[in-house]
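Single-structure report; data block below.
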Amino acid sequence: MTLIRNTKSIKAEDGIVTVNGWAQDIRNLGGISFLTLRDRFGTVQVTMPKKKIEPGLFEMLTTLSRESAVSVTGEVKASNQTALGFEIIPMSAEVVSEAAVPLPMGVVDKVNVEMDTRLNHRFMDIRKPEIKAIFELKSIMFELIGEACRENGFVQVSTPKINSSGAEGGATLFKVDYFGRDAYLAQSPQLYKQILMSTGLDRVFEMSPAFRAENSNTNRHVTEFVSFDGEMSWISSEEEVMSMIEKIVDHVLKGIRERGAEQLAVLGKDIGIPAVPYPRLTYEECLEMVREGGLDIKDGDDLGTEGEKIVGDRMSSKGFDLYFICEYPEDAKPFYIMEKDGTPYSYSFDLDYRGQEISSGGQREHRIDRLVARMQKKGLDPKDFEFYLEAFRYGMPSHGGWGIGTERLLVKMLDLPNIREAILFPRDVSRLSP
Ligand code: AMO
């Protein structure tokens, strides 16, 4: 007898097998009954001719509630009535755990269930093959990111998520009570990945949760996401950072297409592989496009969701899905970004994917006097960042890096309508459970 881990691997000549799964559907036609058993990989038909099955077993399998967890042992028989070319005739079965009735939501029913209902009962939602496929693809994406980083000499690190100060602005900080002291959930690993540049670990990457008290309900903002950060030393310009991201993203896209082919087929999607190098636009060029598109944006202002979309549409019409927007005004970028002397600009960039920012980064200010001046200009007190600044006093290489929102990358790759589709248990302004 073989214990089957994957319904897709069953062969007509397997003999007697045991299959574990969920009772997706039961049809009792009187003289014969059918049970569709679903596991992670697919479904298999359990066929029960009443006369050939022990009555107790027949009764048990035909009165099962839908979505019960069961284990069925039976003989594999060739059949031209099923898509797989075989069926299982049961010899014994165990109801591992019976599903209560009614179900909080259907798994295979073709009814449109609201996203809120789906997220409230997410365990059930993820039983759907097309939802499960998203998370299998996310796992493949993480594997590919790690692979590309290691190939390029990056060391994987983990930095603290409970911190004494934030790096990405006070507006999105989550405060926690840390034994009577104020602490903050990490908005990004920014300060730590930069400190690491002074240690000799000259290329680091991290994939970890980032927290933003983002008080807005949009389809691209959540309060907890997985940030993929990279930082590299001894660079001479932010262009080296952009080339690195390009290499990594290209590896991910190609890899997903190849290793995720099965899941992409379940989703009915294919993904395009934009040619490298991705176009480099300047902020000023984008501003012009946005204004031509009818949006009134002042010099130095953020392009905003609408602005990014206008640029995205313009780039798509030219056949470009991924492009960098470079040279943002220094005023619009955080204190750690290097200013472009003698201009209002900075050595910074965003990477946009079909009209949505998925990453930002740049060359960092590694000269401590300039860094302190930038902090002061932004109204920050350098004393709050002493642990960070110390690393700049004793030999800090030039460096630069990026942060990619992994869920935004996945959403764009798979053309999903909402970032919540790419997170198992999303957190947003109104959702703290499950
Ligand atoms: P930034 O704040 O632009 O830069 O964040 C980097 C990327 O993280 C993603 N992101 C989010 N995803 C989902 N929900 C959110 N609320 C959210 N906020 C940000 C986006 C964004 O492009 N330290 C810098 C990066 C660097 O310079 O290395 C930073 O955090 O995809």
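The values are calculated or read from the model by the stated rules, or taken from the named source; none is laboratory data. This one's a predicted model, so the numbers in the text were calculated from it and none came from an experiment. Because the Cβ atoms are built from the backbone with ideal geometry, glycine has one as well, and the counts that use them run over all protein chains shown. Please note that ligands, DNA and RNA were not included when accessible areas were found on the heavy atoms of the full protein model with its side chains. Shrake-Rupley method; radii C 1.70, N 1.55, O 1.52, S 1.80 Å.
Side notes on the structure shown:
- Subset of region 1-14 [touching a strand residue (DSSP E or B) at 6+ places or on another chain (Cβ under 9 Å) and either over 18 Å from S79 (Cα atoms) or open to solvent by less than 30 Å² (accessible area, probe 1.4 Å) (or both)]: M1, T2, L3, I4, R5, T7, I10
- Among the residues of region 235-265, the one identified as among the basic types (K, R) and more than 15 Å from A275 (Cβ to Cβ) is R259.
- For region 84-99, the count of residues that are without any contact (Cβ under 8 Å) to a residue 24 or more places away in the chain and out of contact with any His (no Cβ under 9 Å at 6 or more places or on another chain) is zero.
- Once region 377-397 is narrowed to residues that are assigned to a helix (DSSP H, G or I) and of a type in the set (F, W, Y), the residue that is most open to solvent (accessible area, probe 1.4 Å) is F387.
- Screening region 147-174 for residues that are open to solvent by 40 Å² or more (accessible area, probe 1.4 Å) and aliphatic (A, V, I, L, M) and picking the one that is nearest to G379 (Cα to Cα) gives A171.
- Residues (aliphatic (A, V, I, L, M) and open to solvent by 30 Å² or more (accessible area, probe 1.4 Å)) located in region 15-41: I16, I26, L29, I32
- Residue within region 226-238 that is within 16 Å of the ligand (Cβ to nearest atom), open to solvent by less than 30 Å² (accessible area, probe 1.4 Å) and part of a loop (DSSP other than H, G, I, E, B) present: yes
- Residue list for region 42-65, filter: open to solvent by less than 10 Å² (accessible area, probe 1.4 Å) and touching a residue at least 40 places away in the same chain (Cβ under 8 Å): V44, V46, T47, M48
- For region 74-92, the condition holds for at least one residue, the condition being that it is buried (at least 18 other Cβ atoms within 10 Å of the Cβ), touching a Pro at 6+ places or on another chain (Cβ under 7 Å) and not aliphatic (A, V, I, L, M).
- If you filter region 186-223 down to residues that are away from the ligand (no atom under 11 Å from the Cβ) and of a type in the set (A, V, I, L, M), you find that the one that is farthest from V429 (Cα to Cα) is L201.
- Close pairs (6 angstrom Cβ cut-off, 6 or more residues apart or separate chains): open to solvent by 40 Å² or more (accessible area, probe 1.4 Å) in region 345-373, small (G, A, S) anywhere: Y347/G362; R354/G312; H366/S398
- Residue list for region 398-430, restricted to those being within 11 Å of the ligand (Cβ to nearest atom), within 30 Å of E240 (Cα to Cα), outside any helix (DSSP H, G or I) and not aliphatic (A, V, I, L, M): H399, G400, G401, W402, G403, G405
- Residue within region 255-268 that is closer than 19 Å to F349 by Cβ and open to solvent by 70 Å² or more (accessible area, probe 1.4 Å) present: no
- Qualifying residues in region 154-185 (those that are hydroxyl-bearing (S, T, Y) and within 22 Å of M375 (Cβ to Cβ)) - the one farthest from the ligand (Cβ to nearest atom): S164
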